[in-house]
1. What number of residues within the stretch 64-87 satisfy the criterion of being polar (S, T, N, Q) and open to solvent by 70 Å² or more (accessible area, probe 1.4 Å)?
2. If we keep just the residues of the stretch 149-176 that are closer than 29 Å to Ile97 by Cβ and basic (Lys, Arg), which is least open to solvent (accessible area, probe 1.4 Å)?
3. Among the residues of the stretch 103-141, write down those that are without any contact (Cβ under 8 Å) to a residue 40 or more places away in the chain, of a type in the set (Val, Ile, Thr) and either surrounded by fewer than 18 Cβ atoms within 10 Å (Cβ to Cβ) or assigned to a strand (DSSP E or B) (or both).
4. Just wondering, is there one or more residues in the stretch 40-48 that are in contact (Cβ under 8 Å) with a residue 12 or more places away in the chain and open to solvent by 80 Å² or more (accessible area, probe 1.4 Å)?
5. Mind telling me which of the residues Arg82, Arg29, Arg18, Arg78 ends up being in a helix (DSSP H, G or I), farther than 22 Å from Ala134 by Cβ and either within 14 Å of the chain's Cα centre (by Cα) or among the basic types (Lys, Arg) (or both)?
6. All but one of (1) in contact with a Pro (Cβ under 7 Å, 6 or more places away or on another chain); (2) at pLDDT below 95; (3) not small (Gly, Ala, Ser) hold for Thr108, so report the exception by its number.
7. Pairs under 9 Å by beta carbon, first residue within 20 Å of Val131 (Cβ to Cβ) and modelled with pLDDT of 95 or more in the stretch 151-173, partner among the aromatic types (Phe, Trp, Tyr) and not in a loop (DSSP other than H, G, I, E, B), six or more apart or different chains?
8. With respect to the numbered conditions (1) within 24 Å of Pro167 (Cα to Cα); (2) in a helix (DSSP H, G or I), which one is the sole condition not fulfilled by Glu53?
Amino acid sequence: MTDDLSGWAAGLDDLMARVAGRFRRVEPRRRARAYVLGLLSPLAGKNGWTLAEAAGENTPDGMQRLLNRSAWDAEAVRDDLRDYVAEHLGDADGVLIIDETGFLKKGTKSAGVQRQYSGTAGRTENCQLGVFLAYASAYGRTLIDRELYLPQSWCADDGRRTEAAVPAKVRFATKPALGL
């Protein structure tokens, strides 16, 4: 979480202890730690397979289960992370940074995928867009929030939303509105 990585493992343990109660069972709690550890690792490509392999698992099924079916509250974990960041990186001169990132996709089934401009690709491509909030101070920098951008065409298509498991409560919002 900071440029000084010497204490990152202890920091990860502190953070995971803080969010441990958000997971009802020990298995997803352990897998969440392995997932975060994989994200922080120098792996070249970070996807379900590579993160699972880095965690010593034979398939990505467990990581997918953690992200798709395990009972835990992502927003509560986000709030715990925000509090942790405020305690460890907080500074009067700190800044919030809002940025969008595109994720190139080949198919059409993932939520929000369509041909749209992606700054990541530098052109219009088939992709998903995410809006991310980061915090930076003299003590370090980190991501603290995220939201998937759901284009108007997706919001108007109930069948497509249902097939992609997009909750009915999700409404169209511009990227700047999602950032705020």
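The values are calculated or read from the model by the stated rules, or taken from the named source; none is laboratory data. It should be emphasised that the depicted structure is a prediction, and the values quoted were computed from it without experimental measurement. Using ideal geometry, Cβ is built from the backbone for each residue, glycine included, and neighbour counts are taken over all protein chains shown. In case anyone asks, the SASA skips ligands and DNA or RNA and just uses the protein heavy atoms, side chains included. Shrake-Rupley method; radii C 1.70, N 1.55, O 1.52, S 1.80 Å.
1. 2
2. Lys175
3. Hits for the stretch 103-141 are Thr108, Thr120, Thr124.
4. Yes, the stretch 40-48 contains a residue that is in contact (Cβ under 8 Å) with a residue 12 or more places away in the chain and open to solvent by 80 Å² or more (accessible area, probe 1.4 Å).
5. Sole residue among the options that is in a helix (DSSP H, G or I), farther than 22 Å from Ala134 by Cβ and either within 14 Å of the chain's Cα centre (by Cα) or among the basic types (Lys, Arg) (or both): Arg29.
6. The failed condition is (1).
7. Phe172/Trp154; Ala173/Tyr149
8. All conditions pass for Glu53, except number (1).
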